[in-house]
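Read the structure below first, then the notes.
Derivation of every value follows stated rules applied to the coordinates shown; laboratory data play no part. What you see is a predicted model, and the numbers here were worked out from it, not measured in a lab. Every residue, glycine among them, receives a Cβ derived from its backbone with ideal geometry; neighbour counts consider all protein chains shown.
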Amino acid sequence: MSATLHFVHDPMCSWCWAFTQVQRSLEEGLPAEVTVTRLLGGLAPDSDEPMPAEMREYLQSTWRHIEARVPGTRFNFRFWDICTPRRATYPACRAVIAARRQGAANDRLMTRAIQEAYYLQARNPADDETLIALAGELGLDTAAFATALNAPETQARLDEEIARARGMGADSFPSLVLETDQGLTNIPIDYLDARPMLGAITDALALARGE
């Protein structure tokens, strides 16, 4: 029996950044019959407006909370002093899709590059120029990337992935949804230990097999 584990995320979601280490352990421990797909959830639509002060304060508080809760997760708070934050993650989501068009492996590479730029290097992935620079740093064709970044078909693909995620009930990020012949199973996220998630996946697979 084959199964698919859908990973729903947003490259500018701080909790997705916090999940990085355990996610690696989770994927390394998955049963052979489980394949992983990655879906972009689209946390915040395009906006040219500066982020309101209360949202800035809320996100900085979230970063501090994550640092305290998830060992090894760090944030560069200089971002809030040297960048002009906007509540817009769709550009970063489109960047992952644009990078993916130059090779499937670029999905993970661009996501990681965006996360490191945002959380460690205090660069703003809501800005196209940052995203194009990251594409160049990854060795991508920057002209092709820049053309694809805001192309209608790229936004259409993002809309499609958002709709798929919502259709699965994945309305928070990160989310894990296991799909088998018997349907969909939400896998609760654990930011500290992959074992509970692997156990939930194993149980769901056994149930799908009628064991």
- What cysteines in the chain have no other cysteine with a beta carbon less than 4.7 Å from their beta carbon? CYS83, CYS93
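For segment 21-105, run through the trypsin sites (Lys or Arg not before Pro) and keep only the ones in DSSP coil with at most 16 other Cβ atoms within 10 Å of their Cβ.
Numbers: sites: ARG24, ARG38, ARG56, ARG64, ARG69, ARG74, ARG78, ARG86, ARG87, ARG94, ARG100, ARG101; in loops: ARG74, ARG78, ARG87, ARG101.
Taking segment 21-105 and a limit of 16 other Cβ atoms within 10 Å, the loop trypsin sites (Lys or Arg not before Pro) found are ARG74, ARG78.
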- Task: Can you grab the distance from the C-alpha centre of segment 97-140 to the C-alpha centre of segment 176-211, Å, no decimals?
- Result: 30
- Message: Multiplying the sequence separation of ALA144 and ARG112 by 0.36 nm and subtracting their Cα-Cα distance, what value in nm do you get?
- Response: 9.5 nm
- Item | Using a Förster distance of 22 Å, the FRET efficiency for ARG74-VAL36 (Cβ separation, nearest 0.05) | 0.30
- Message: Quick one: 3J(HN,Hα) in Hz for segment 77-86, Karplus 6.51/-1.76/1.60 with θ = phi - 60°, rounded, Gly and Pro as x.
- Response: 6, 4, 3, 6, 9, 9, 10, 9, x, 10
- Rounded to the nearest 0.05, what FRET efficiency do ALA122 and SER172 give with R0 = 22 Å and r taken as the Cβ-Cβ distance? Could you check? 0.25
